[in-house]
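This report refers to the structure that appears directly beneath it.
The values are calculated or read from the model by the stated rules, or taken from the named source; none is laboratory data. Note that the structure is predicted; figures quoted are calculated from it, not measured. When the accessible area is computed, the model is the full protein with side chains, heavy atoms only, and any ligands, DNA or RNA have been set aside. Shrake-Rupley method; radii C 1.70, N 1.55, O 1.52, S 1.80 Å.
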Amino acid sequence: MDVRLEWSGKQQWQASAAPIGLFRPGSNVKVNPQPGTLISGDNLLAMEALLPSHTGAFTLIYLDPPFFTNKDWHLAGTDNSKAYTDTWDTGLAGYLQWLYQRLSVARLLLAPTGTLYLHLNWQAVHHARLILDEVFGSDNFQNELIWCHREAINSRKRWNRKHDTILMYSRTGDFYFNPDAVLQPYSETTIKKFRHSDEKGPYRLMGRGITDSPLRSKRDISPEMEAKFPGLTYRHYMGKGTLPVDWLVIDIENQASVLRTGYPTQKPEALLEKILLASSKEGDLVADFCCGSGTTLAVAHRLRRKWFGCDFGEAAINIASQRLLNAGADCQVLVPFISG
Ligand SMILES: C[S@@+](CC[C@H](N)C(=O)[O-])C[C@H]1O[C@@H](n2cnc3c(N)ncnc32)[C@H](O)[C@@H]1O
């Protein structure tokens, strides 16, 4: 059965009647969008401006939009300067419409092998899941990643809310995913099981699954048995780690982190590193159209991905561009306008 989420004022995205272009701030000369661009403005306009040149071009789009928190977010260490607003005069319906339009255009920008990650939390992720099912098709829902973090555990009223949810949707069934780039370290218990070692590294001694063998599928047999029955045993070498699971325990960039920018809701580089390593390769094009302090873009630069970023807020663009320049990235700031 086809399931759809409804809200008042729901409308499908329609391309703007007039073409949108990208311009240098203060100039009326249209610029061809190139990777390494931070777009300062509304992300719907930014994505529309990229459509003529970049439809189907992005391997990865990560979106970390306002979460429908219904509050303003301020920059740390300032006189309460506002970083961005997450209040919605039109309520949840207005928020969902905002999301629906952006997710619809983001899908068009994705390559056939591309993936979208939408980062939200308990406040709107369940609504977003249904919107994404509609926009991408429920068959393309690949993962619900849980990012667990632990800071300021102080509620006695209910379970402390210490995870975010990141929904992963592929553009098609044939999407890029590299588990080997995000293997997770073995636990101490597992490492201890690899008691033996040779020139190829640590290993366990196992019995082959041979019918009627006295060692059939036995684990951790002795070296004496290996010497006695070499044909019935094998050395199981320790790999580089275990395959990744859909929950990640990663600290926020707390007061002690040198990567902390003071931008509220800044996400940890370690989280974005996992996402970029798993779902893109060197040289691929990635985007973050709610880039805030530029976390995704800084990680993309470090991992040699090409990138586009966008944010509505002046503080975000300033912090992100400075962060990218400090990292040695070439970065130009452009603004989207109707160019008809
Ligand atoms: C949760 S924050 C992103 C934080 C970011 N991931 C980081 O690590 O710093 C959401 C961002 O979305 C931006 N935003 C909200 N509405 C926007 C819009 N219409 N167009 C572009 N950016 C928008 C806000 O300015 C804010 O920086």
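Using only Cα coordinates, the Kirkwood hydrodynamic radius of segment 193-304 works out to 18.2 Å.
Of all aspartates and glutamates in the structure, those lying under 13 Å Cα to Cα from Lys193, and not within fewer than 8 positions of it along the same chain, are Asp220.
Expressed to the nearest 5 percent, the antiparallel share of DSSP beta bridges inside the chain is 60 percent. Here, P(r) means the percent of Cα pairs in each 5 Å bin from 0 to the largest distance; for segment 14-119 it is 2, 10, 17, 20, 18, 16, 12, 4, 1, 0.
In terms of its Cα atoms, segment 131-181 spans 45, 31, 10 Å along the principal axes, sorted from long to short.
Taken as Cα centroids, segment 4-54 and segment 140-186 sit 28 Å apart, rounded to the nearest whole angstrom. Which log10 I(q)/I(0) values does segment 190-237 give at q = 0.13, 0.15, 0.22, 0.29 Å⁻¹ under the Debye formula, counting every alpha carbon as one identical point scatterer? The Cα Debye sum returns log10 ratios of -0.26, -0.35, -0.71, -1.07.
Binning the alpha carbon pair distances of the chain at 20 angstrom intervals from zero yields the distribution 27, 50, 18, 5, 0, expressed in whole percent. When the convex hull of its Cα atoms is viewed from all sides, segment 267-340 shows a mean projected area of 5.3 nm². Leaving out ligands, DNA and RNA, what percent of the accessible area of segment 169-289 is carbon and sulfur, probe 1.4 Å? After summing per-atom areas, the C and S share lands at 52 percent. Share of pairwise Cα-Cα distances greater than 21 Å in segment 125-249 is 64 percent (whole percent). Two numbers describe the Cα atoms of segment 1-67: Rg and Dmax, which are 15.2, 51 Å.
Per residue, the chain reaches -7500 deg cm²/dmol at 222 nm when only DSSP H runs of four or more residues are counted, each adding -39500 (n - 2.57). Its Kirkwood hydrodynamic radius, worked out from the mean inverse distance over all distinct Cα pairs, puts segment 230-289 at 15.3 Å. The separation of segment 82-126 from segment 232-303, counted between C-alpha centres, amounts to 21 Å.
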